[in-house]
Amino acid sequence: MIRVRTACCAAALFALCAAAAELEAPEVHDTVEYRDIAGNDQDALVAALKRTGSTNANGDRFAADTRWQLRWNFRVEQQPGASCRLLSARTDLDVHMTLPRWIPPKNASPVLVKRWNMFADALRKHEDGHRDIAIEAARVVTDRAGAAQPENDCKTLKQRLQRIADETLREYRDKESSYDVTTLHGQAQGASFQ
């Protein structure tokens, strides 16, 4: 009796594992673009940051910028005589970060160099926060897709998976906007050079 029960439990566990979708970790592609600036004093560096900074949709200019694009791929399969289920979920994330770069001239003040380095470190930390939000979005799309129940047909399942991904993307774009509001676009993290 115990052997029969053990065999039945093992068979049920095997069937459950075989039915689980393959959820891949996000494939992240990072690029960093540096915009070189020049200047011998703080006023010159501030002016250079204003000239070379990135502009958002409202025309506001920032010293740095992180943009990301998330793509997903869901493979589904119609089971003979049964429902359509998710076989695998994969996300690809492109993260493009633009940062200012200043190579201090030999006659630069040590105080100015220290101030710039503190600013550059804080700015990178802020932009890395945007990257972290993007990576979390990619993971959540995959996790939520993996939790989707099978549907009667694959067209319906694909539509539901697309809705899940679209809604998750909107949610994380909103989180990114909130991050900028909370951090004052990095100023609260020390990413201010004025």
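The values are calculated or read from the model by the stated rules, or taken from the named source; none is laboratory data. Just so you know, these numbers come straight off a predicted model, no measurement behind them. Cβ coordinates were reconstructed from backbone atoms using ideal geometry, including for glycine residues, and neighbour counts include every protein chain displayed. Areas reflect the complete protein model, heavy atoms only, side chains present, ligands, DNA and RNA absent. Shrake-Rupley method; radii C 1.70, N 1.55, O 1.52, S 1.80 Å.
What are the pairs, 6+ residues apart or on separate chains, where a residue within the stretch 125-136 that is within 10 Å of Gln189 (Cβ to Cβ) has its Cβ under 7 Å from a residue that is in a helix (DSSP H, G or I) and polar (S, T, N, Q)?
What qualifies is Lys125/Gln189; His126/Thr183; His126/Gln189.
Could you list all residues from the stretch 172-194 that are open to solvent by less than 60 Å² (accessible area, probe 1.4 Å) and either among the aliphatic types (A, V, I, L, M) or not in a loop (DSSP other than H, G, I, E, B) (or both)?
Tyr172, Glu176, Tyr179, Asp180, Thr183, Gln189, Ala191 - these are the residues of the stretch 172-194 that are open to solvent by less than 60 Å² (accessible area, probe 1.4 Å) and either among the aliphatic types (A, V, I, L, M) or not in a loop (DSSP other than H, G, I, E, B) (or both).
Tell me whether the stretch 62-72 contains one or more residues that are closer than 24 Å to Arg160 by Cβ and either open to solvent by 80 Å² or more (accessible area, probe 1.4 Å) or in a loop (DSSP other than H, G, I, E, B) (or both).
Within the stretch 62-72, one or more residues are closer than 24 Å to Arg160 by Cβ and either open to solvent by 80 Å² or more (accessible area, probe 1.4 Å) or in a loop (DSSP other than H, G, I, E, B) (or both).
Specify the residue that is farthest from Asn117 (Cα to Cα); the eligible residues are those in the stretch 88-101 that are open to solvent by 40 Å² or more (accessible area, probe 1.4 Å) and not acidic (Asp, Glu).
Quick first cut of the stretch 88-101, residues open to solvent by 40 Å² or more (accessible area, probe 1.4 Å) only: 90, 94, 96, 101.
Next, from what is left, pick out any that are not acidic (Asp, Glu): 90, 96, 101.
Values: Arg90: 38, His96: 22, Arg101: 10 Å.
Across the stretch 88-101, the extreme among qualifying residues is Arg90.
What about Lys114, is it at pLDDT 95 or above, under 30 Å from Gly81 (Cα atoms) and surrounded by fewer than 13 Cβ atoms within 10 Å (Cβ to Cβ)?
Details: at pLDDT 95 or above: yes; under 30 Å from Gly81 (Cα atoms): no; surrounded by fewer than 13 Cβ atoms within 10 Å (Cβ to Cβ): yes.
So Lys114 does not fit the description; no.
Looking at Leu86, Leu45, Leu99, Leu13 in this structure, which one is assigned to a strand (DSSP E or B) and either modelled with pLDDT under 90 or farther than 24 Å from Arg131 by Cβ (or both)?
Numbers: Leu45 fails: assigned to a strand (DSSP E or B); Leu99 fails: either modelled with pLDDT under 90 or farther than 24 Å from Arg131 by Cβ (or both); Leu13 fails: assigned to a strand (DSSP E or B).
Sole residue among the options that is assigned to a strand (DSSP E or B) and either modelled with pLDDT under 90 or farther than 24 Å from Arg131 by Cβ (or both): Leu86.
Looking at Gln149, Gln159, which is the one that is closer than 15 Å to Phe74 by Cα and not in a helix (DSSP H, G or I)? Reasoning before the result, please.
Details: Gln159 fails: not in a helix (DSSP H, G or I).
After ruling out the rest, the residue left standing is Gln149.
Just checking, how many residues over the stretch 106-121 are free of Cβ contacts under 8 Å to residues at least 12 places away in the same chain and among the hydrophobic types (A, V, I, L, M, F, W, C)?
2
Out of (1) open to solvent by 60 Å² or more (accessible area, probe 1.4 Å); (2) more than 20 Å from Gln149 (Cβ to Cβ); (3) modelled with pLDDT under 95; (4) out of contact with any Lys or Arg (no Cβ under 8 Å at 6 or more places or on another chain), the odd one out for Lys50 is which?
Lys50 satisfies every listed condition except (4).
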